Amino acid sequence: MPDIMDIQSKAAASPGTKPRIYPPVAKLNPVADPRKMRRIIAEDPEWSLAVVPLLKNLCLQHIVKNFHNNPILDKLLPSHKAQVLERLSTSLPLQVTANLISDEGYWMRCCTERWGVSDVSCYGQSWKRMFFERHLQNMIELFIPDVTDPQMILDMVPLCRNYVRKIEISQLLPPVREPQNEDDDASDTASDTGFDGPSMDHFDFGILLDKLSHLEELHVVYGVKGCGMNFEWNLFEFTYRDCQSLAKALKSCKSLKVFRIHESKVDDEKARVLIHSLLDHPSLKELDLSHNLIGDRGARAIGKLINRSQLEKLIVYNNKIRGPGAQAIAYALSKNATLLSLNLRLNRTGDEGGQSIAQALLKNTTLVSLHLGSNELTEPTASVLSQVLVQNTTLRSINLSCNRLGADGGKLLEEGMSHNTTVVECDIRLTEVGQESEYCISQILRGNQEKARKRHLQESRANK
């Protein structure tokens, strides 16, 4: 084939002919340049230039779409499994997802979409545990006796029992009261049919606790939160029938370590019923009965519990415990070898109870923390505590705030602290001990804190 340059040169050499300029001819390439290719789009309106998805992606989409009817998660490769979990809907039935999906990312999406920002550190860093504990909590808090079907909660047990460690109930709803009929005939008819009020006063924990084999903590408040203008006293009533059913449930829950019932008007009689069910409990470590109406009779039952259980922490602040009740607790404390923390603040023990507790510490060798704030204590209690500070070597923290110890009581505490090397916290605010004694005690505490820090450092090095 003649070259284009030869043709042009010959045309230029021929007389009388006008030279013609030919455009350059592209060389043939085995691979066409896509930038210079023309596209032909069909006139079909459904025509699309989109790339056809991979068959793998189509299969994964199908699995996600039909996961409710065919949950084949365990049969997938790890990479495919991760892609499916990222696309699964958080509204899938718990009967499908509860015991099948263990991926924390999926349960984190479930928690955040339902409750917003959440602190997973309170749930052992487990989003799945957090979801089921809060879900069960919401079901119980919205349970209405004789209206809500208990089977709804029982159906949830097989799905959540392996993940629930703690239940925190901030409210319990009472039964719905029917409007009273003034017609005597109607009331007689009702009595003839055997109707005698609701079958339960609040949610019965007896149907649940023995089925939660991993439950360790139970926090309960018998009241209604946010009642507003609909306030009635019966909304905050912990009945004797409630007490009996709760006591029975506590006794059946052998794994329980922490029990807290507060702001529920637990009086002496109800406290005795609850405590009787906890005697010789195999795992109970902490009992919190704060903000109730427990008096001396209830305190005697608490004293009996101290040496009939493995309690390590006892909280009974803001009750009505006076001197005799504190003496019963002190008697048990003098013989106890497990209790580490005792909180009796905001009671009315007076010096009668305060001195008894202090004298018990002359024999007790396990208690680490003691709170006697706001108990109407004066100088006689400070005198016995001064002896405790000299002899006791296990007590680390003592709180005497909001008592009237006086300047002489402050001098006695100062004298006792001067011989003590183990107490690192001593709260004497609002006790009228005087600035000089308060300053001297604070200096001694700083020295004890430094000694404790050095001991801890030496122990950690020895363990290494």
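The table that follows gives values for the structure above.
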{"item": "Rg(Cα)/(2.2 N^0.38 Å) for the chain, N = residue count", "result": "1.68"}
{"item": "Tail weight of P(r) past 26 Å, computed on alpha-carbon pairs of region 297-447, percent", "result": "17"}
{"item": "Rounded accessible area per residue of the chain, 1.4 Å, Å²", "result": "58"}
{"item": "Cα-based helix-to-principal-axis angle, 78-87 vs the chain, degrees rounded to 10", "result": "80"}
{"item": "Region 259-310 - Rg over Rh from alpha carbon coordinates, Kirkwood radius", "result": "0.93"}
{"item": "Region 370-464: relative contact order as a whole-number percent, Cα under 8 Å and 6+ apart", "result": "28"}
{"item": "Positive-end residue, the chain charge dipole about Cα centroid, Cβ charges, pick of Asn70, Leu293, Met130", "result": "Asn70"}
{"item": "Folded to 0 to 90 degrees: helix 55-65 orientation relative to the chain principal axis, Cα", "result": "40"}
{"item": "Convex hull volume of region 103-164 per residue (C-alpha atoms, cubic angstrom)", "result": "88"}
{"item": "Farthest toward positive dipole pole in region 70-186 [+1 Lys/Arg, -1 Asp/Glu at C-beta], among Gly105, Leu173, Leu92", "result": "Gly105"}
{"item": "Normalised contact order of region 316-359, rounded percent, pairs of Cα under 8 Å and 6 or more residues apart", "result": "61"}
{"item": "Normalised convex hull volume, region 382-464, alpha-carbon set, Å³ per residue", "result": "77"}
{"item": "Across Lys285/Lys335; Lys248/Lys270; Lys211/Lys251; Lys320/Lys411, pairs whose alpha-carbon gap is larger than 21 Å", "result": "Lys320/Lys411"}
{"item": "Average Cα contact separation per residue, the chain, under 8 Å, 6 or more apart, as relative contact order %", "result": "6"}
{"item": "Helix 104-115 vs. the chain, principal-axis angle (Cα, 0 to 90°, nearest 10)", "result": "70"}
{"item": "Size of charge dipole - region 341-464 - debye, nearest 20, with Cβ of Lys, Arg +1 and Asp, Glu -1, no other charges", "result": "820"}
{"item": "Helix-only CD estimate at 222 nm, as mean residue ellipticity for the chain, using -39500 (n - 2.57) per DSSP H run (n ≥ 4)", "result": "-13000 deg cm²/dmol"}
{"item": "Pairs of alpha carbons in region 295-361 whose separation is greater than 16 Å (percent)", "result": "36"}
{"item": "Along each principal axis, Cα extent of region 39-165, largest first, Å", "result": "71, 33, 30"}
{"item": "Inter-part distance where region 412-444 and region 263-284 are each reduced to a Cα centre, Å", "result": "36"}
{"item": "Spacing of the two label points (7 Å from each Cα toward its C-beta) at Leu100 and Val117, in nm", "result": "3.4"}
{"item": "Region 188-287 - Kirkwood radius from inverse mean 1/r over Cα pairs (Å)", "result": "15.1"}
{"item": "Nearest-20 debye value, the chain charge dipole, Cβ charges on Lys, Arg, Asp, Glu", "result": "3340"}
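The values are calculated or read from the model by the stated rules, or taken from the named source; none is laboratory data. Note that this is a predicted model, so its numbers are computed, not measured. Positions of Cβ are backbone-derived with ideal geometry, glycine not excepted, and every protein chain shown enters the neighbour counts. Remember, those area values only see protein heavy atoms, side chains included, never the ligands or the DNA or RNA. Shrake-Rupley method; radii C 1.70, N 1.55, O 1.52, S 1.80 Å.
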